[in-house]
Structure formats: structure tokens, C-alpha cells
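Read-outs: derived from the displayed coordinates by stated rules, not from any lab. For clarity, every value in this text was computed on a predicted model and none was experimentally measured. With ideal geometry, Cβ positions are generated from the backbone for all residues, glycine too; neighbour counts draw on all protein chains shown.
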Amino acid sequence: MSEIDLTQGSTGLSNQVINRAPDLQGQFLSGSTLWRPRRGRRKFFGVLFLLLTLLATLIGVAALIVLLESVISQGWSRLSWDFINNFPSRIASRAGIKAALVGSVYLTGLVAVIAIPVGVGAAVYLEEFAADTRWRRIIDINIANLAGVPSIVYGMLGLMLFVRICAFGHSLLAGACTMSLLILPVIIVTSREALKTVPQGVRLAALGLGATKWQTVRAHVLPTALPGILTGVILSLSRAVGETAPLLMIGALSYMAFVPESPMDDFTVLPIQIFNWSSRPQDEFRVAAAAGILVLMGILLTVNSCAIVMRMRYQRKMQW
């Protein structure tokens with residue numbers, strides 16, 4: 001077929017479509033095929049969705065206010081330096097949180113030493129150096145699934161791995177390793193998301209100027225992603241401070257009248273001490289538990305505030 005025949009055929013087909021356009025338009029606008037935007041209905045559902053989300057937010061805020069009011073009204077009068085500096089006691093008026101507070105600080109420090117280098121290092125390798133292979137995709141799926149595993153499962157794993165196989169016993173080191181496993185998936189996921197926010201042009205510019213892959217990551221990618229990494233790390237540590245089930249599973253003490261002096265000593269933490277006091281029938285111990293909750297909330301708020309300040313500080317230093 002010649003080129004002239006093809007041109008004539010396409011022209012005839014175009015003329016047929018143009019001639020049938022009024023018929024198609026009439027079929028579209030006639031009867032049940034008539035389309036209307038229904039703006040009023042869409043606006044109604046939009047307002048309804050806004051009201052439902054606002055109601056859900058108000059319910060959460062109201063529940064939080066009620067809980068805070070209950071805890072503050074019970075425990076505020078119990079807060080004092082003696083309460084913070086005294087060891088637990090069978091007499092409620094003498095009971096304090098010194099052992100639990102020091103144990104929480106030591107545990108959080110060990111968890112930070114173990115989990116932060118491993119988690120951030122794994123995130124950097126998976127995001128910057130690892131090739132996109134089948135094994136990497138399997139690892140990505142497993143890390144995402146581990147981030148949603150209940151904490152009691154990590155407690156069972158820590159009991160078998162660190163307490164029995166590694167023979168750490170019911171020590172502070174066993175608790176720190178168990179809590180590190182708990183927060184590692186969260187640190188890896190948040191660190192990788194922070195690394196993804198770094199523009200690709202930053203990497204290409206450094207590589208184009210002769211920098212190696214490691215120099216590019218160390219001097220350009222990591223400083224740029226540092227605010228997001230710090231936020232994820234500190235929020236993960238906040239979770240580790242407030243967890244109870246894994247530590248109870250590995251055998252942390254509920255009553256302890258001394259301060260741990262080495263990583264192999266027995267320990268207790270604030271959540272376990274609060275749980276012990278709240279389970280007793282005397283009202284005085286419940287007041288002490290409320291005061292312990294206030295101290296724990298103060299620690300968490302301080303840690304989260306540090307995360308916000310550090311993130312804002314590094315964001316102001318960032319120049320594109």
C-alpha cells in the first residue's frame with residue numbers, strides 16, 4: 001500500500017469520527033448517561049469527614065486530660081527529694097524510686113551505646129551501599145515486619161538468647177541487649193527514611209568532585225539526614241524507657257534496695273517499680289505509683305524536648 005493510500009485512509013477515518021461526534025454527544029447527554037458533578041453531596045461528605053476526624057482528636061485529648069488530672073491529683077503531693085533519693089520500702093511513706101531511677105538511666109545509656117551504632121550503620125549500608133537484590137528486598141520486608149512485633153516476643157527472645165545461651169543472667173546487660181533488639185527495627189526504618197530525604201543531587205555533586213562513596217556519605221549525606229535520624233533514635237529510646245513486659249520476661253527485679261554498679265548486676269526500672277506499687281492493695285502505694293508515673297513522664301518529656309531542640313538546631317544549620 002502506498003503512502004498516498006495510507007494518508008487518504010486516515011483522513012477518511014477522521015472525517016467519520018467528526019461526523020459521528022454529535023451523535024456520541026447526544027448519547028452521552030441523554031437519559032441515564034447524563035453526568036452531574038453533585039457538588040453539594042461531595043461538600044457534605046467532606047464536612048462530615050472533617051467533623052469525624054475532629055471528634056476522634058477531641059476524644060483522644062479528653063482521655064489524656066482525664067488521665068493526667070487523675071495522676072497529678074494523686075501523686076503531686078508525694079513528690080519530694082526524699083521520694084527520689086530513697087530506696088523502695090515495705091512502708092509506703094518511706095518508699096522511693098532511687099534504685100529504679102538509676103536503673104532506668106543505666107539501661108537507657110547501655111541501649112543507646114548498643115542500638116544507635118548498629119541501627120544507623122545498618123540503615124546506611126542498606127540505603128547507600130547495598131545493591132538492589134532479592135536478599136536485600138527480603139531483609140527490608142523482615143525489618144518492616146519486626147517493627148510491629150509485640151514487645152513480649154522480644155522478651156522471650158532475650159530470655160532464651162541473652163539470659164540462657166549467652167549466660168548473662170538477669171543482669172543489666174541482658175536487659176539492655178533485649179531492649180536494643182526491640183528498638184533496632186524502628187531505628188533502622190526511621191534512619192533509612194531520613195536518608196531518603198537527602199536529594200540525589202547532593203550525592204552526585206560530591207561524587208562528581210572526586211569524593212569516594214564513603215566520603216560522600218560521611219561528609220554530606222549523614223549531616224543532612226542527621227535531624228531525622230536523631231528524632232527517630234530519641235523517640236525509640238523513649239519507647240525503651242517505658243517498656244515493662246520484656247524486662248519482666250528476662251527477670252528484672254520488682255524490689256531492689258541497692259544501685260547497680262556494673263552491667264552484670266541485677267537491676268530494676270521505673271515501669272516495673274510503678275507496676276509493683278500499683279498492684280498492691282494499700283492506697284499509699286498507689287499514691288507512690290502515681291508519683292512515679294509523674295517522674296517517668298517528666299523524663300520522657302525531657303527526652304522528647306531534646307529531640308525537638310536538636311532537630312531544629314541542625315535544620316537551621318542546613319544549607320542547600
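Peptides 129-141, 145-157, 93-105, 188-200: what's the order by average Cβ count within 10 Å, highest mean first?
Descending packing order for the listed peptides: 93-105, 188-200, 145-157, 129-141.
Give the angle, between 0 and 90 degrees and rounded to the nearest 10, that separates the Cα long axis of helix 98-124 from the longest principal axis of the Cα atoms of the chain.
Roughly 30 degrees between the two axes.
Report Rg(Cα)/(2.2 N^0.38 Å) for segment 199-320, keeping two decimals.
Rg over 2.2 N^0.38 Å, computed on Cα atoms: 1.59.
Report the full-extension gain for the segment residue 218 to residue 275: residue separation times 0.36 nm, less the Cα-Cα distance, to one decimal in nm.
On the way: separation 57, 0.36 × 57 = 20.52 nm, distance 4.37 nm.
Stretched out fully, the residue 218 to residue 275 stretch lengthens by 16.2 nm.
Under the Karplus relation 6.51 cos²θ - 1.76 cosθ + 1.60, θ = phi - 60°, what is the ordered set of whole-Hz ³J(HN,Hα) values for segment 284-296, x standing for Gly and Pro?
Going residue by residue, I get 5, 6, 5, 5, 5, 5, 5, 5, x, 4, 5, 5, 5 Hz, with x marking Gly and Pro.
What does the extension gain come out to for residue 165 and residue 144, with contour length at 0.36 nm per residue minus their alpha carbon separation?
Length gained between residue 165 and residue 144: 4.9 nm.
Sorting check: for 292-300, 168-176, which peptide has the highest mean count of neighbouring beta carbons within 10 Å, and how do the rest follow?
Final packing ranking: 168-176, 292-300.
Rounded to whole Hz and in sequence order, give me ³J(HN,Hα) for segment 156-165 from the Karplus expression 6.51 cos²θ - 1.76 cosθ + 1.60, θ = phi - 60°, writing x for Gly and Pro.
5, 5, x, 4, 6, 7, 8, 6, 9, 6
If only Cα atoms are counted, what is the Rg of the chain, and what is its Dmax, in Å?
Every Cα atom of the chain included, Rg and Dmax give 30.1, 106 Å.
Convert each backbone phi in segment 137-152 into a coupling constant with the Karplus relation 6.51 cos²θ - 1.76 cosθ + 1.60 (shift: θ = phi - 60°), then list the ³J(HN,Hα) values in order as whole Hz, x for Gly and Pro.
Per residue, the Karplus-derived 3J(HN,Hα) values read 5, 5, 4, 4, 5, 5, 5, 5, 6, 5, 5, x, 6, x, 5, 5 Hz.
Could you name the aspartates and glutamates whose alpha carbon sits less than 16 Å from that of residue 213, not counting residues in the same chain fewer than 8 places away?
Correct list for residue 213: 127, 128.
Among 104, 154, 131, which residue has its Cα furthest toward the positive end of the charge dipole of the chain, with +1 on Lys/Arg Cβ and -1 on Asp/Glu Cβ?
Checking the options against the dipole of the chain, the answer is 131.
For residue 207 and residue 64, what is the calculated FRET efficiency with R₀ set at 56 Å and r taken between the beta-carbons, to the nearest 0.05?
Between residue 207 and residue 64 the formula returns 0.70.
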